[in-house]
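Any read-out appearing in this document is the output of simple, stated calculations on the displayed coordinates, not a laboratory observation. Because the structure is predicted, anything quoted here is derived from the model rather than measured. Reconstructed Cβ throughout: ideal geometry from the backbone, glycine too, with neighbour counts over all protein chains shown.
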Amino acid sequence: MDISSFRSLHTPTGQQALQAAERLAPREREYLRGLDVLCRQYPRQMAAAALETAILRQEAAGKFPGAGQMYFTRPALEQASSQEVAGYRCQRFAGYDRLLDLGCSVGGDTLALARLAPILGIDLDPLRLAMAQANLHALAPTCEADFVQADLSKPLPLRLSGRMGGFFDPARRTAERRIYSTRRYLPPLDTIRNWLPAMPALGVKLSPGVELAELESYGGEVEFISLKGELKEAVLWLGPLRSARRRATLLPGAWTLAGEPDALVGSPAEVYLSEPLAYLYEPDPAILRAGLVRTLGAQLEAAQMDADIAYLTAARRVETPFARAYQVEEWLPFNLKRLRALLRQRGIERVIVKKRGSPIQPEALIHELRLRPAEDEMGSERIIFLTHLRGQPIAIIGLPARSGQA
């Protein structure tokens, strides 16, 4: 879609075409068939724009409750934060007189920020800017928002002053792949050094796979955010927005854990290790990426089994949103024959294999175990954890701990 075809959708005929496209409930794989249907009534450029919008609105429903009134490009939708994540993030900007959305794209974050203060969205792409303006008009018509087309690698087209906060969302992928180095972001992360003297309250959206060593010189807080157990993004918080060195946040619910990253807590030789106890904890990916496994372990009175592996174990269970808990039935030094015999002896016919630190592929182990269905047709299932105990490979047989189990 280009800017002219987008504008065509805002004519009366364009809105009719869009409604016709939505009635088709189209999917990407049905694009050509849908386009053929729409082209019988509408100009091809308009039909294509309407069909693309209808498809993307359906795909965006999981991220934006108001997706049915919004406009997207596919790359913009793929990179956009969900409303849950954006709504959580924007809370740090409460109390600021004016906000900037730097690299606003189609306005997903602008929608959340605009409810806090007057906002200026800046982007280089005129199509995305037009979409952002349309999205704000549809979903937040009373909010004060302006949009400017500008290249963020050059001086900002405004004077920074007063209690102004900024949120910077640089491009973190090309057409072919994701970008992990902040030096290759578009524009590069170093761009913010020009803004910080006059606007120290700055948040930067980062890839969850960001190279952490590149962030050290900024002296900010790095927060990793997961949504329903899936790691979504990282944020660099600077100036007065900084509240810790490292943070992991789990949504929904905004459960958050802050502390010093494991690498700074102590050397591997100083980490308390234990053989598998009654319970095993599998930390949320935000905890892992934030390097807060030892911080969580202290909270749960749990130990690691290996200094380099992020499983925790404890004699009693503590309820926590930051990790899944499993009851340990048995563990043994890894030996395929012994493990197979033990599972068969217990009548276990199905297993799920999880691993950390093991070179064995789960599918390969399941195949090699060659489990047989139980004769009484009351087959059971267990989880096999392949990991290390003080550098030696072990297998742990477990099952999910029930809520309230102590």
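Things worth noting here:
- Segment Leu332-Gln16, length gained on full extension (0.36 nm per residue, minus Cα span): 107.1 nm
- Taken one residue at a time, the phi angles of the range 93-101 give Karplus couplings (6.51, -1.76, 1.60, θ = phi - 60°) of 9, 4, x, 7, 6, 8, 10, 10, 10 Hz. Gly and Pro are set to x.
- For Gly121, nonlocal amide neighbours, meaning residues 5 or more places apart or on other chains whose placed amide H falls under 5 Å from its own, are Asp101, Asp146, Phe147, Val148.
- Sequence-distant contacts, meaning Cα pairs under 8 Å at least 6 residues apart, place the relative contact order of the chain at 8 percent.
- Note on Glu59 and Leu371: their simple-model spin labels are 3.7 nm apart, each label 7 Å out from Cα toward Cβ.
- Interchain or long-range residues, amide H under 5 Å from Ser81's placed H: none
- Rule-of-thumb Rg ratio for the range 3-55 [Cα; 2.2 N^0.38 Å; N residues]: 0.96
- Where only alpha carbons of the chain are counted, the Rg and the Dmax (Å): 25.6, 77
- Global size of the range 77-259 as Cα Rg and Dmax, reported in angstrom: 15.2, 42
- Per-residue [θ]222 nm for the chain (sum of -39500 (n - 2.57) over DSSP H runs n ≥ 4, rounded to 500): -7500 deg cm²/dmol
- With the charge dipole of the chain set up from +1 on Lys and Arg Cβ and -1 on Asp and Glu Cβ about the Cα centre, the Cα lying farthest toward the positive end among the listed residues Leu312, Leu139, Thr73 is that of Thr73.
- Listed values for the range 143-153 are Karplus-derived 3J(HN,Hα) couplings in whole Hz (6.51 cos²θ - 1.76 cosθ + 1.60, θ = phi - 60°), namely 7, 8, 9, 10, 9, 9, 8, 7, 8, 6, 6, and x replaces Gly and Pro.
- Remark: the range 3-55 carries a charge dipole of roughly 80 debye about the Cα centre, counting +1 on each Lys and Arg Cβ and -1 on each Asp and Glu Cβ.
- Convex hull projection area averaged over all views, the range 93-136, Cα basis, nm²: 2.6
- Distance in nm between pseudo-label sites at Leu196 and Leu273 (7 Å out along the Cβ direction from Cα): 3.8
- Computed about the Cα centre, the dipole magnitude for the range 268-400 is approximately 260 debye when only Lys and Arg (+1) and Asp and Glu (-1) carry charge, each at its Cβ.
- For the range 268-400: relative contact order, % (alpha-carbon pairs under 8 angstrom, 6 or more apart): 27
- Each residue of the range 268-400 gets 109 Å³ once the volume of the Cα convex hull is shared out per residue.
- Each residue in Cys39, Cys90 was given a count of other beta-carbon atoms within 10 angstrom of its own, and listing them fewest first yields Cys39, Cys90.
- Separation between Cα centres of the range 7-83 and the range 284-303, rounded to whole Å: 43
- Taking Cα centre as origin and charging only the Cβ of basic (Lys, Arg, +1) and acidic (Asp, Glu, -1) residues, the dipole magnitude of the chain rounds to 280 debye.
- The GluC sites (Glu not before Pro) of the range 229-318 meeting both criteria, a DSSP state outside H, G, I, E and B (loop) and at most 11 other C-beta atoms within 10 angstrom of the site's C-beta, are Glu301.
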